[in-house]
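See below for the structure under consideration.
The values are calculated or read from the model by the stated rules, or taken from the named source; none is laboratory data. Here the structure is a predicted model, which means the values were calculated and not measured. Cβ atoms come from the backbone with ideal geometry, glycine included; neighbour counts cover every protein chain shown. For accessibility, only protein heavy atoms count, side chains too; no ligands or nucleic acids. Shrake-Rupley method; radii C 1.70, N 1.55, O 1.52, S 1.80 Å.
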Amino acid sequence: LEGRLQIAAIAQLILDVADEIPPEIDWVLQVDGHTDNIPLVNGFQFADNWELSQARALSVVRFMASDLGIPPNRLSANGFGEYQPLDPANTQEARAKNRRIELKFTEK
């Protein structure tokens, strides 16, 4: 719930400024999913951490498009798996930091 509230707040900020963005700027909100480096167990819903990270990003994109009013053509979902860790340490705290979503406001 806390994550959805944070995403909703960001979506509102984007909607508030979208009209002020010059029309020649073809912007997109890139949603990047990341995981920790723990391999998934066989039989898990996702084949590997790449697939999990993509699903994580896609769930945010779908929420922003369907529930929060961000135009779908302004969203992109990307999965990076375990390959861009914030903290490479082999601890629970580091792995928790690495399981995340990043939002990047950029041009197409």
Which entry is the computed semi-axes √(5λ) of the Cα gyration tensor in Å for this structure: (i) 21, 16, 12; (ii) 24, 15, 14; (iii) 28, 14, 13?
(iii)
In terms of modelled amide H atoms, which long-range or inter-chain residues lie less than 5 Å from the amide H of Val28?
Thr106, Glu107, Lys108
Karplus 3J(HN,Hα) series, Hz, for segment 23-30 with 6.51 cos²θ - 1.76 cosθ + 1.60 (x for Gly, Pro):
x, 6, 8, 8, 7, 8, 9, 8
Exposed-loop-free span, longest in the chain, where GluC sites (Glu not before Pro) count as exposed if DSSP calls them loop and at most 10 other C-beta atoms lie within 10 Å
25-108
Once you mark the chymotrypsin sites (Phe, Trp or Tyr not before Pro) that are in a DSSP loop and have at most 15 other Cβ atoms within 10 Å, what is the longest gap between them in the chain?
1-43
Run the simple label-point estimate for Asp16 and Ala89 please: 7 Å along Cα→C-beta, distance reported in nm.
3.5 nm
If one compares the long axis through the Cα atoms of helix 49-66 with the longest principal axis of the Cα atoms of the chain, the angle in degrees, nearest 10, works out at 30 degrees
Euclidean distance of C-alpha centroids, segment 71-91 and segment 1-34, integer Å
16 Å
Per residue value of the accessible surface for the chain (all protein chains in place, 1.4 Å probe), Å²:
64 Å²
